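The values are calculated or read from the model by the stated rules, or taken from the named source; none is laboratory data. Because the structure is predicted, anything quoted here is derived from the model rather than measured. Note that we place each Cβ from the backbone using ideal geometry, even for glycine, and neighbour counts take in every protein chain shown.
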């Protein structure tokens, strides 16, 4: 699905919130494969483990704590900045400018924010490569979550909302991970899954078996730029129609 079934269902949205990885850039950039590998290497080096054992530990911490970093901090007191600097030291050559996405974001009325479990430094580097950095009011990152309260936790969303004065009922959240949208839905946000089922990640593969969207996901798209463009066009048309309806009607008199 490239466009929403009813773009008018976004007419109430005043704040547009975007995850970063596999959301603002296409999953086929495969950046997260690099990040996964770097996380495994960090754990292997820190605990003198074979890489395959380190990757199993990485995955278990991700499942149990929301992010690998949260598990490492809670259980091993790992320095978060050392971890983040290491895992985000990746090749960004696959990330290309996205002018169509930039134009679609520009056409949306209201505020635009990035909400990521990654670091601000990583988000700025990626958004800069995409040509999108100046489109966003701010980036709310893992540092702002004290490292140990990542999405999908309710704590993460509560902190984000408080920090930026976001009214959930007038906000839309875009993310590539279905479970990251559960708290957003519970708070009253409009939720959009950026479907990345073409990757091999189990979290992305799960959507391939859906016969209908889960209750906490209102919309799904496999192509963010045309999806947003359809919303922007529909909202602009609605605004123009409303303006036309408010214009005074010409008065005619017969003599």
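What to note about this one:
- Top-ranked residue of the stretch 216-229 - restricted to ones that are out of contact with any strand residue (DSSP E or B) (no Cβ under 8 Å at 6 or more places or on another chain) and at pLDDT 95 or above, ranked as surrounded by the fewest Cβ atoms within 10 Å (Cβ to Cβ): 226
- The sole residue among 122, 143, 179 that is surrounded by fewer than 22 Cβ atoms within 10 Å (Cβ to Cβ) and either free of Cβ contacts under 8 Å to residues at least 24 places away in the same chain or not in a loop (DSSP other than H, G, I, E, B) (or both) is 179.
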